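Engineer: Before anything else, here's the structure in question.
The values are calculated or read from the model by the stated rules, or taken from the named source; none is laboratory data. Please read all numbers here as calculations on a predicted model, not as lab measurements. Every residue, glycine among them, receives a Cβ derived from its backbone with ideal geometry; neighbour counts consider all protein chains shown. The protein model used for the area step is the full one, side chains on, heavy atoms only, and it has no ligands, DNA or RNA in it. Shrake-Rupley method; radii C 1.70, N 1.55, O 1.52, S 1.80 Å.
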Amino acid sequence: MAERNSDLKLLSAWYSPMATRAKIALNIKGLEYENIEEDLNSKSDLLLRSNPVHKKIPVLIHGDKPICESLIILQYIDEVWSNGPSILPRDAYDRAIARFWVSYIDEKLFVCTKSILEAGEDVEKKKPHFEQLEEEILVRLEEAFNKYSEGESFFGGNKIGLIDIMFGSFLPVLGLIEEINGKKVLVDDKFPRLVNWAANFTANSAVTGTLPEIDRLILFAKAQQQKWALAYKATSAN
């Protein structure tokens, strides 16, 4: 049963992997919160006041205190509500390893998937990013899971932890890329442990209902691609 906490608000966007991370962490801790959907084309005064530096979501507001950036939000949630299931490993070395892979996911997976989506219909432009995704990034993550899961269902062992949340938030993006391009990337013959992990992750009660639907993501992504194409055309004409 979720803990009632009227002082918790989350500024988010339904399609954002970064916002999804915060939602899953709050669910793991059993916390109720007010989810406030932001229109990033017309940012609210609350968002601009809460994150005046980057003006981005997610922002967790605890009482009157805003906490910005998804990784920082997750660590804050874990530290403040320490009586609930832990998100970060308790051991210092294990925490360091988790943070390393979190950095890898945001520096590699995020940038790679963003590049694929921004390439639109340009097959040649997408090709090197697909190769990096299939031959490097997912290979490394499969190896990491084999090494650090200790034979359990998740990177965090027998329960969802930091790496699971950070990587799992990108599963809808991978699904979107597969649907748009008609090409599976997370396939069982190449990444059997990750495929099994993804099934366990999406079925977890803390995750159910937080991941955006693929069909809705497709419509959103196509609209965004049109905006990117128009912006590029306007820039090229100058």
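Engineer: Sort out which residues of segment 64-91 are under 21 Å from Asn35 (Cα atoms), open to solvent by 40 Å² or more (accessible area, probe 1.4 Å) and in a loop (DSSP other than H, G, I, E, B), and write them in order of number.
Structural biologist: Correct list: Asp64, Glu69.
Engineer: Yes or no: Tyr104 assigned to a helix (DSSP H, G or I), touching a helix residue (DSSP H, G or I) at 6+ places or on another chain (Cβ under 8 Å) and buried (at least 16 other Cβ atoms within 10 Å of the Cβ)?
Structural biologist: yes
Engineer: Now, a different point. In segment 2-17, what count of residues is obtained for those that are open to solvent by 20 Å² or more (accessible area, probe 1.4 Å) and either farther than 26 Å from Val173 by Cα or of a type in the set (A, V, I, L, M) (or both)?
Structural biologist: Counting residues in segment 2-17 that are open to solvent by 20 Å² or more (accessible area, probe 1.4 Å) and either farther than 26 Å from Val173 by Cα or of a type in the set (A, V, I, L, M) (or both) gives 6.
Engineer: Could I ask something else about it? Can you give me the number of residues within segment 45-61 that are part of a loop (DSSP other than H, G, I, E, B), open to solvent by 60 Å² or more (accessible area, probe 1.4 Å) and hydrophobic (A, V, I, L, M, F, W, C)?
Structural biologist: The total comes to 1.
Engineer: Considering only segment 4-11, I want to know if a residue exists there that is touching a residue at least 60 places away in the same chain (Cβ under 8 Å) and polar (S, T, N, Q).
Structural biologist: No.
Engineer: Evaluate segment 32-41: report whether one residue or more is among the acidic types (Asp, Glu), touching a residue at least 12 places away in the same chain (Cβ under 8 Å) and in contact with a strand residue (DSSP E or B) (Cβ under 6 Å, 6 or more places away or on another chain).
Structural biologist: yes
Engineer: In segment 191-206, how many residues are over 17 Å from Leu162 (Cβ atoms) and not in a helix (DSSP H, G or I)?
Structural biologist: Residues flagged as over 17 Å from Leu162 (Cβ atoms) and not in a helix (DSSP H, G or I) within segment 191-206 amount to 2.
Engineer: Looking only at segment 154-184, count every residue that is in a helix (DSSP H, G or I) and either within 30 Å of Arg95 (Cβ to Cβ) or touching a strand residue (DSSP E or B) at 6+ places or on another chain (Cβ under 6 Å) (or both) and tell me the total.
Structural biologist: Matching residues across segment 154-184 total 12.
Engineer: For Ile67, state whether it is within 27 Å of Gly175 (Cβ to Cβ) and either among the small types (Gly, Ala, Ser) or touching a helix residue (DSSP H, G or I) at 6+ places or on another chain (Cβ under 6 Å) (or both).
Structural biologist: Here the answer is no, as Ile67 does not meet what is asked.
Engineer: State all residues of segment 109-139 that are open to solvent by 70 Å² or more (accessible area, probe 1.4 Å) and within 18 Å of the chain's Cα centre (by Cα); if no residue qualifies, say none.
Structural biologist: Phe110, Val111, Lys114, Glu118
Engineer: Restricting attention to segment 18-44, and to residues there that are buried (at least 22 other Cβ atoms within 10 Å of the Cβ) and within 11 Å of the chain's Cα centre (by Cα), which single residue is farthest from Ile57 (Cα to Cα)?
Structural biologist: The selected residue is Ile24.
Engineer: Follow-up. Quick check on segment 194-203. Is at least one of its residues surrounded by 15 or more Cβ atoms within 10 Å (Cβ to Cβ), more than 24 Å from Ala22 (Cβ to Cβ) and not aliphatic (A, V, I, L, M)?
Structural biologist: Checked segment 194-203: no residue is surrounded by 15 or more Cβ atoms within 10 Å (Cβ to Cβ), more than 24 Å from Ala22 (Cβ to Cβ) and not aliphatic (A, V, I, L, M).
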